[in-house]
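The values are calculated or read from the model by the stated rules, or taken from the named source; none is laboratory data. Bear in mind that the values here come from a model prediction, so they are computed numbers and not experimental data. All Cβ positions, even for glycine, are placed from backbone atoms using ideal geometry, and neighbour counts span all protein chains on display. When the accessible area is computed, the model is the full protein with side chains, heavy atoms only, and any ligands, DNA or RNA have been set aside. Shrake-Rupley method; radii C 1.70, N 1.55, O 1.52, S 1.80 Å.
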Amino acid sequence: MMLLALVCIATSPAPLDEWYSISLAGSPAGWSHVVESIEGDVRTVYSDETMTIGRANVEVTVRASTAWTDHLDGRPISMQWMQEMGGPPIRTSWQFEGDMVVVTTDQGGRVNRAEHPAPTVPWLTPAATRELLEQRAAAGATEVTWRTMVPDLGLAPVRQLLTRIGDGDITIRGRSIRVSKWQVQTEGLPIRMETWFSKDWRPVVSIMQAPFGEIRSELTDEATAMRRTDGPAPELFMSLFIEPTGTLGSQLTASRAFMRLRTRDGRPLELPASGGQTIAGVQGDGVLLLVERDGSLLAAQDERDAVAFQAASTMIDSEDSQIRSLAASATASVGADASTAQQAEAARDAVFRWITRKGLATAFASATETVRARAGDCSEHGVLLAAVLRAQGIPARVASGLVWMDPIESFGWHMWTQALIDGAWVDLDATLPVPFTVGHILVATSALEDGDGQRQLMALLGLLGNLDIEIVRVDR
């Protein structure tokens, strides 16, 4: 969502104060507001965006904002990002100080601060990007490429490519505007996007071809952008279920399953081998998976040594007092002499029991929010279990992918947890009364480290609405 707004930010001229209406699959879904201001030699580009979507008849409002500050010569000063998904907002700031970047994350007064080396590859701020695009387009270029930072994708600069695909006219605010149309490709984001610019390089329309429907941002006035509709919010959750060929039956009684997956658009399918998931074979554009209920593949050496799977972060705050209390009670339930595996299972069971209001009203709350609210869906179970495991001294991360839903015999998008036990990743799902089932298909994992955005979870976007699954064999 914020990525679409960022394309507007990265190519907008000064001065700028524009409103945009946002629709999803043709239905009104929200608004965005983009402002650029200059004081002395300091320039700020600010974007605020809100969308309301339906999740199985529950409406969820998500808000995000980005503020970029740089000098007029393009030297970066700071990048700030706020994300609000039903609970207290999470605010992340990247402060550029010479060869270091200071990353500060704040949620509800709980502040985490860390220093990281500044990127060594050349990259451009949004304002510098605008200047590059104007210069190249004026020279007749039909393709412009550069590197920039995207808050959703963290500190590492990503490559963006704009390719001119044509020209046209569009009616905005009752008048016809001539636009040039450009295709936008962002490294790490497997979704096709377009931005249409007016002659003075103001973004007029931005389009993201998401699997769940076209997200369209269109220039308008404030009143139109903020106008509420009486109809239901666009449905996002149920439209993404995948009905496979064949059936898994009861996942609780299966010991292993073979499944063949392929993308509908023919793109190569790259899935991780981790935990209970093994790549059993590759056939053309398809992948044969073996998922074992009790499987646990060895972790790579760099994963075993990674501090990110052990340290507290804003999303997985293992140092929170209530999380540590829940971890201590889980450990006490099995005794101090219990094995690491027994402690991890006790943590999984404790989170399963602790979250008593299981539903879809929260989009993606942190572990600290969840341990207090005792409410949430799979993502809340996943991050809270990761935090409890880390509080026990067990490295952990979240895992994202699909899970089999027995009642409707379909796969739905899901999040669970992986714990590093005896050098191997072990899958643990706190939404279920059992540790794990063969009905899980792993697509991506993430430590949810502060300042790193959600880069590792972006792999899901290219598969939403783009995956066929065949159940080949199920062993019980």
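Below, the figures for the structure above:
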quantity: Region 43-73: trypsin sites (Lys or Arg not before Pro) falling in loop per DSSP and having at most 15 other Cβ within 10 Å; calculated: none
quantity: Region 325-388, dipole about Cα centre (Lys/Arg Cβ +1, Asp/Glu Cβ -1), debye to the nearest 20; calculated: 220 debye
quantity: Heavy-atom accessible surface of the chain: percent carbon and sulfur, 1.4 Å; calculated: 50 percent
quantity: Accessible area (Å², 1.4 Å probe, nearest 10) - TRP19; calculated: 40 Å²
quantity: Mean separation of Cα contacts under 8 Å (6+ apart) over length of the chain, as relative contact order %; calculated: 16 percent
quantity: Average accessible surface area per residue within the chain, 1.4 Å rolling probe, Å²; calculated: 41 Å²
quantity: Within region 174-258, trypsin sites (Lys or Arg not before Pro) in DSSP loop having at most 10 other beta-carbon neighbours inside 10 Å; calculated: LYS199, ARG228
quantity: Calculated [θ] (222 nm, deg cm²/dmol) that DSSP helices of n ≥ 4 give over the chain, each run adding -39,500 (n - 2.57); calculated: -5000 deg cm²/dmol
quantity: With all protein chains modelled, accessible area of SER239 [1.4 Å, Å²]; calculated: 70 Å²
